[in-house]
Each structure stands twice: as C-alpha cells, then as structure tokens.
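In what follows, a structure is listed as structure tokens, so that the remarks can point back to it.
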Amino acid sequence: MKKLLLFVMCLMGFSAYMNAQIPSVSLKNIEGKTVNTSAITKTGKPVIISFFATWCKPCQQELKAIHEVYADWQDETGVEVIAVSIDEAQNVAKVKPLVDGFGWEYEVLLDTNGEFKRAMGVNMIPAVFVVDGNGKIISSHSGYTQGSEKKLIEEIRKHTAAK
C-alpha cells in the first residue's frame, strides 16, 4: 500500500509539471561552464532531460540504452539529451570519468546542491522529462524498465510530426 501511495504521489508531482516550462537555474557543465537551465530548451529542438547519479545503476542503464540509439534519434528528430547529475559536491569528481567511460555524448550538467532537481519536482531517480521544441514538458517518468527509451522516442516523434 505504501508503494502504491508513493507511486501515485510521484505521478501527481510529475503531472503538475506537464506543459510547464523549464525553471531557470544556473548549473555548471562537466567542463566548468555555467549553463542556465531555461536556455537548454530554447533551441527549437526536442530535449530529453535525465536526472541521474553516479551510484544509480538504473540511471546508468537508461542512459546507456539511450546512448545506443542517440545518433539515430538525432538524425531523425534533432533531439538533444541533457543528463543532470545530482551527485553531491564531494562526489562530483566521479561524474566526468563515468560519462567518458560510457562514451556518452550528452550535455552533462552538475546539480550539486539539488536546486534544479527540487525546481523540477524530482523525488526519485532516474527521472526523465521530454520537452518539445517550444520548451514545454510533454511527458515524464521516474524509474527505469528495460525498453522505456522506446516510449521516449515515441513521444518525441508524436510531437515533431505534429509540426
């Protein structure tokens, strides 16, 4: 019963963000450059924002699964993936080696104080948001099950075909 209640609460939290805009938070990327989160959706392209941590195996599985099809997705839809590490400051040195080790070609942002995570209502990771080319959140999910990346591209295709 507790798990069901937690699941419903997560859904309610995520549904409050549907069709919302991405909040403005300043974060550093893994190269140390400051990036404002509201700017990542101003390109006119769809964006997948994935919150992860170096210690989260399901997060790694999901980002690896996306990595395997990312080039095809970019060719087809122009989608960009933004991976947001929620590792705390003392563990942030582990992020770049993890990203490099997996060969992820995503923009990686560091949310060391959890400000962006809180602004997005993320309670559980992995947490993934799909944002359309107009900067509106069109879908989201938390947790990972094998094959869930197929639902991400379906959402993107549905919204890019509507243009």
May I ask you to evaluate 6.51 cos²θ - 1.76 cosθ + 1.60, the Karplus curve with θ = phi - 60°, for each residue of region 41-50 and list the ³J(HN,Hα) values in order in whole Hz, giving x for glycine and proline?
10, 9, 8, x, 9, x, 9, 10, 10, 10
Of the listed pairs 64/96; 33/150; 57/158; 45/151; 94/150; 94/151, which have alpha-carbon separations greater than 26 Å here?
33/150; 57/158; 94/150; 94/151
Rank the residues 63, 27 as a footprinting-exposure proxy: fewest other Cβ atoms within 10 Å of their Cβ go first.
27, 63
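So how strong a dipole does region 2-161 carry about its Cα centre when Lys and Arg Cβ are +1 and Asp and Glu Cβ are -1, to the nearest 20 debye? Walk me through the intermediate numbers first.
Values: 17 positive and 18 negative charges, 112 e Å.
Computed about the Cα centre, the dipole is about 540 debye.
How large is the helix-only mean residue ellipticity at 222 nm for the chain, computed as the sum of -39500 (n - 2.57) over DSSP H runs with n ≥ 4, divided by its residue count, in deg cm²/dmol to the nearest 500? The partial results should precede the final answer.
On the way: 5 runs with 62 residues, N = 163.
Computed ellipticity for the chain at 222 nm equals -12000 deg cm²/dmol.
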For the chain, place one equal point scatterer on every Cα, skip the solvent, and apply the Debye formula. What is log10 of I(q)/I(0) at q = 0.13, 0.16 Å⁻¹?
-0.57, -0.90
Between residue 151 and residue 36, 0.36 nm times their residue separation minus their Cα-Cα distance comes to what?
38.7 nm
How large is ³J(HN,Hα) for each residue in region 127-139, as worked out from phi by the Karplus curve 6.51 cos²θ - 1.76 cosθ + 1.60 (θ = phi - 60°), to whole Hz, x for Gly and Pro?
10, 10, 10, 9, 10, 6, x, 9, x, 9, 6, 10, 6
Show the residues, 5+ positions off or on another chain, whose built amide H is closer than 5 Å to the amide H of residue 35.
27, 28, 29
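Where does each of 95, 130 land when they are ranked from fewest to most other beta-carbon atoms within 10 angstrom? If you can, show how the numbers build up before the last one.
On the way: 95 20, 130 24.
Going from sparsest to densest Cβ surroundings: 95, 130.
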Of 48, 40, how do they rank once you tally other Cβ atoms within 10 Å and put the fewest first?
40, 48
Over the chain, what is the mean sequence separation of C-alpha contacts under 8 Å (at least six apart), divided by residue count, expressed as relative contact order in percent?
31
Take residue 61 and residue 24, extend 7 Å from each Cα along the Cα→Cβ direction, and tell me the distance between the two endpoints in nm.
3.9
Hull volume in cubic angstrom per residue (convex hull over the Cα atoms of region 81-163)
108
Amide H partners (placed H, <5 Å) of residue 81, local residues excluded:
48, 107
Calc'd 3J(HN,Hα), region 21-31, phi into Karplus 6.51 cos²θ - 1.76 cosθ + 1.60 (θ = phi - 60°), Hz, glycine/Pro = x, comes to 8, 6, x, 8, 9, 8, 10, 9, 8, 6, 8
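Coordinate-derived values only; no laboratory data. Small disclaimer: the values here were computed from a predicted structure and weren't measured. Here Cβ is always computed from backbone atoms with ideal geometry, including for glycine, and neighbour counts include all displayed protein chains.
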